[in-house]
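Worksheet: the structure to be examined is printed underneath.
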Amino acid sequence: MAVQIMSLKDQVRDIHVRTLLYGMSGAGKTYSIGTCPAPTLLVEAEGGQLSLVGKNVDCTEVHNLQDVYDLLEWAYDSEEARRYGTIAVDSVSEIAEVVLAAEKEANKDPRKAYAEMGDTLAKIIRSFRDIPDHNIIVIAKADQKQDENGALLYQPSVPGSKATLSLPYFFDEVLAMRVTKDTDGLHRWFQTSSDGLWVAKDRSGRLDPGGEPADFARIFEKITGKAQGEEA
């Protein structure tokens, strides 16, 4: 078999950004999708699109497992899908519940249902992540746990401990949606590196390790080196 070698020196300008965004309820995860360069498509499984009314974002809803598979087929094969620069999924935590419900119907043993859910969910996540020619954002809920020493840790969460632990490994960018308050009011920002309390990572190395404004247009430009509408 022939070995193919390619240079990665300028490859970053041709890639698209694959991001896992998670945070507590009400932190503004869905609202932040409105900062993506238009046109953007929101794949909605939670019914939370009200926060994006007035934004240049289109929306489609998924209610069951077949809806998810139909949407993925459309995203890979449809010319219509190619008009969107970003596809955002809100949320993988809710889709995981849909998958788990389907597996519980098929498997009377709860342990087997959770195992099958993990395998099916992993395939769905990879399928969304690998949609070509789009920036991909997958939103998840945040969960709080304690380690063996009693220390708290916040992490993206889906049903099943194994699925939860593996979720960050699917993505190059794992951003924690943070909200802080000072005398000027509330400030929403993306945590880009782990601090022992919140799980986060930036595989590109191009984001500020101290955090970034909650602005996906800025995130995409910093990672790819391209402004909105600029060709590679």
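The values are calculated or read from the model by the stated rules, or taken from the named source; none is laboratory data. Every value quoted in this text rests on a predicted model; they were computed, and no experiment measured them. Don't worry about glycine lacking a Cβ; one is built from the backbone with ideal geometry, like all the others, and counts go over all protein chains shown. In case anyone asks, the SASA skips ligands and DNA or RNA and just uses the protein heavy atoms, side chains included. Shrake-Rupley method; radii C 1.70, N 1.55, O 1.52, S 1.80 Å.
As a calculated quantity, the FRET efficiency between ARG203 and ARG82 at R0 = 25 Å, using C-beta atoms, amounts to about 0.45.
The apolar share of the surface of the chain, taken as the fraction of accessible area on carbon and sulfur atoms (1.4 Å probe, ligands and nucleic acids excluded), comes to 49 percent. Stretched out straight at 0.36 nm per residue, the stretch from SER194 to ASP182 would grow longer than its current Cα-Cα span by 2.1 nm. With 0.36 nm allotted per residue and the present C-alpha distance subtracted, the ASP130-GLU73 stretch has 19.3 nm of extension available. In terms of distances greater than 27 angstrom between alpha carbons, the cross-link table entries LYS29/LYS108; LYS104/LYS201; LYS29/LYS226; LYS123/LYS222 yield LYS29/LYS108; LYS104/LYS201; LYS123/LYS222. Taking GluC sites (Glu not before Pro) as exposed when DSSP calls them loop and at most 13 other C-beta atoms lie within 10 angstrom, the chain has its longest site-free stretch at 149-229.
If R0 equals 35 Å, the separation of the Cβ atoms of ARG111 and HIS63 corresponds to a calculated FRET efficiency of about 0.85.
Its Cα gyration tensor gives the chain an equivalent ellipsoid; the semi-axes, largest first and in whole Å, are 26, 24, 20.
Note on the chain: antiparallel DSSP beta bridges, both residues inside, total approximately 40 percent of the bridges counted.
In this simple spin-label model, placing a label point 7 Å from the Cα along the Cα-to-Cβ direction at both MET6 and GLN146 gives a separation of 4.8 nm. Annotation for segment 165-232 versus segment 62-124: alpha-carbon center distance of 25 Å.
Computed with a 1.4 Å probe over protein heavy atoms only, the accessible surface of segment 85-177 comes to 46 Å² per residue. Of all the options ALA214, ALA163, ALA106, the one that moves most in a Gaussian network model of the chain with Cα springs shorter than 10 angstrom is ALA106. Rolled with a 1.4 Å probe across the full set of protein chains, the surface gives ASP109 an accessible area near 60 Å².
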